[in-house]
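Asks: This is the structure I have questions about; it appears just below.
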Amino acid sequence: MDIATLVGLISGVTLVIVSILMGGNPGVFWSSSSVVIVMGGTLAATLINFPLGDVLSVMNTVKNAFFHKDVPPESLIPRLVSFATIARREGILALESHAGEAGDEFLEKSVQLAIDGTAPELIKDILTTELAFMEDRHSMGQSILVAMGTYAPAFGMIGTLIGLVQMLATLDDPSKIGEGMAVALLTTLYGALLANMVFLPGAGKLKVRTSNELLAKELVIEGILSIQSGDNPRVVEQKLKAFVSPAVRRQVSSA
């Protein structure tokens, strides 16, 4: 799992738990009816808004985004320059024995397309289409998480209204006022915590991961097209360095 996500999640949960424990009895912060209102309501609204298949598949998309190991662009540049050197000296067909060493499925597929003699325009079309649909899948995951981050506080407020109604309906019985007030406040708390600690940060991280993955894949496309056109390895390296920051360029140069 991404270390920043893990640290952030543990830190957030720990801070909330510590603040609860510092206030006394932690049992007062549990309400099963509040959980049902917030979680059930959020899920119900999400299913109304999105097709069932998209809601079920979003978990797989999120899992891939958080647990998938990124291929840093700075590791791809030397590899592509190496492929360019081999292709320049021995011809592009010599890359066939090296395609399996790519270490990245997208890069391996790109190299294989070049080896097969696919036209540059077709290679670019095939690979950019794959990028577009990957971005669409991730965008759907982001949309669903953002929607859940919107619905959770809303159902927290709905739960608050329910609790207030219950409390006002039992003003003649003081023993039930506390239960109604607990539901009223805890649903708002649960909704705010879920939205701001899980759903919205998750959507943000998914967006960042998508952006990084797109950058790496676009770099691969540029590199393969440059190799196929017979560019000098130094030219290939300069083209690919344009995709990354100056600090990363210096790392690649020193490596």
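A short reminder: the numbers here are calculations on the coordinates, not readings from a lab. All of these numbers come straight from a predicted model, not from anything done at the bench. Positions of Cβ are backbone-derived with ideal geometry, glycine not excepted, and every protein chain shown enters the neighbour counts.
Asks: Return one number: the angle in degrees, 0 to 90 and rounded to the nearest 10, between the long axis of the Cα atoms of helix 200-228 and the longest principal axis of the Cα atoms of the chain.
Replies: Between helix and principal axis, roughly 10 degrees.
Asks: Working out 0.36 nm times the residue gap between THR5 and LEU171, then minus their Cα-Cα distance, what length gain in nm do you get to one decimal?
Replies: On the way: separation 166, 0.36 × 166 = 59.76 nm, distance 4.52 nm.
Here the answer is 55.2 nm.
Asks: So, one more: Run the simple label-point estimate for GLU105 and SER57 please: 7 Å along Cα→C-beta, distance reported in nm.
Replies: Each label point is offset 7 Å from its Cα along the Cβ direction, giving 1.4 nm.
Asks: Sticking with this one: Roughly what angle does helix 174-194 make with the longest principal axis of the chain, taking Cα atoms, 0 to 90 degrees, to the nearest 10?
Replies: Helix 174-194 and the main axis of the chain meet at about 10 degrees.
Asks: Can you work out the FRET efficiency for the pair SER32 and ASP136, with r the C-beta to C-beta distance and R0 = 30 Å, to the nearest 0.05? If you can, show how the numbers build up before the last one.
Replies: Working: r = 38 Å, r/R0 = 1.28.
Plugging the Cβ-Cβ distance into 1/(1 + (r/R0)^6) gives 0.20.
Asks: If r is the Cβ-Cβ distance from SER211 to ASN25 and R0 is 45 Å, what FRET efficiency results, to the nearest 0.05?
Replies: Details: r = 45 Å, r/R0 = 0.99.
Efficiency, rounded to the nearest 0.05: 0.50.
Asks: Nothing charged except the Cβ atoms of Lys and Arg (+1) and of Asp and Glu (-1): what's the magnitude of the dipole of the chain about its Cα centre? Round to the nearest 20 debye.
Replies: Values: 18 positive and 24 negative charges, 123 e Å.
Once rounded to the nearest 20, the dipole reads 600 debye.
Asks: Follow-up. Run the quick spin-label model on SER82 and MET181: label points 7 Å from Cα toward the beta carbon, then report their separation in nm to one decimal.
Replies: In this crude spin-label approximation the distance works out to 6.8 nm.
Asks: Moving to a separate point now. Can you list the HN-Hα couplings for segment 230-246, worked out from phi with the Karplus curve (6.51, -1.76, 1.60; θ = phi - 60°), rounded to whole Hz and with x for Gly and Pro?
Replies: Along segment 230-246, the couplings run x, 5, 4, x, 5, 5, 4, 4, 5, 4, 6, 5, 5, 7, 10, 6, x Hz.
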